[in-house]
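What follows is a short report on a single structure.
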Amino acid sequence: MAEQSSASDDLAPEATRQRLTNFRRALLRLHKTLLDDKRLAYERVYGQVTGGELLQLVINHEQFAWLHSISELIVSIDGMLDAEEPMTSADAESLFTQARTLLKPSEDGTDFERKYYAALQRDPDIVLAHREVTKIF
């Protein structure tokens, strides 16, 4: 009986679930802003693309590949929010930790960190979207 109550104590409270939902929304805005930035850069070189062409570029083109990490994080959040098993506080905290690790811009870091750093230097809308995401951490 004590095991049951300790397991239920670890379930994420509604506030944590709401925080994760808000984080997902902010992360989607950041992803869209980064995608818009990359689309503009691509179109300057290759010309305008349709929505369908953009989707193919996002999936297959190396210029957009670094954004896959954010897409995967969003999918992980969706999976947790939609899972049949209730999420625990530890599950939610794990996703926030993963996001904190991922969204660290650095001039000298990994490929993602360098590209993210450059995007933040280039576009104030990305800075605002980044700020919105990091406030939720």
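The values are calculated or read from the model by the stated rules, or taken from the named source; none is laboratory data. Small disclaimer: the values here were computed from a predicted structure and weren't measured. Glycine gets a Cβ as well: all are built from the backbone with ideal geometry, and neighbour counts include every protein chain shown. With ligands, DNA and RNA removed, areas are computed over all heavy atoms of the protein, side chains included. Shrake-Rupley method; radii C 1.70, N 1.55, O 1.52, S 1.80 Å.
Counting only residues that are of a type in the set (D, E, K, R) and assigned to a helix (DSSP H, G or I), which one in segment 65-86 is least open to solvent (accessible area, probe 1.4 Å)? Please lay out each step first, then the result.
If we filter segment 65-86 for residues that are of a type in the set (D, E, K, R), which is where we start, we get 72, 78, 82, 84-85.
Checking which are assigned to a helix (DSSP H, G or I) leaves us with 72, 78, 82.
Working: Glu72: 114, Asp78: 45, Asp82: 123 Å².
If we take residues in segment 65-86 being of a type in the set (D, E, K, R) and assigned to a helix (DSSP H, G or I), then Asp78 is least open to solvent (accessible area, probe 1.4 Å).
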Among the residues of segment 112-125, is there at least one that is within 15 Å of Ala26 (Cα to Cα), touching a residue at least 24 places away in the same chain (Cβ under 8 Å) and assigned to a helix (DSSP H, G or I)? yes
Among the residues of segment 87-98, is any open to solvent by 50 Å² or more (accessible area, probe 1.4 Å), in contact with a strand residue (DSSP E or B) (Cβ under 8 Å, 6 or more places away or on another chain), assigned to a loop (DSSP other than H, G, I, E, B) and touching a residue at least 60 places away in the same chain (Cβ under 8 Å)? no
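Tell me whether segment 18-25 contains one or more residues that are more than 23 Å from Leu95 (Cα to Cα), assigned to a helix (DSSP H, G or I) and either open to solvent by 60 Å² or more (accessible area, probe 1.4 Å) or among the aromatic types (Phe, Trp, Tyr) (or both). Working first, answer last.
Going through segment 18-25, the residues more than 23 Å from Leu95 (Cα to Cα) turn out to be none.
No, segment 18-25 contains no residue that is more than 23 Å from Leu95 (Cα to Cα), assigned to a helix (DSSP H, G or I) and either open to solvent by 60 Å² or more (accessible area, probe 1.4 Å) or among the aromatic types (Phe, Trp, Tyr) (or both).
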Pairs only if they're at least six apart or on different chains, beta carbon under 9 angstrom, first in segment 44-64 and surrounded by 10 or more Cβ atoms within 10 Å (Cβ to Cβ), second of a type in the set (S, T, N, Q); list them, first residue then second. Val49/Gln56; Leu57/Gln63; Val58/Ser71
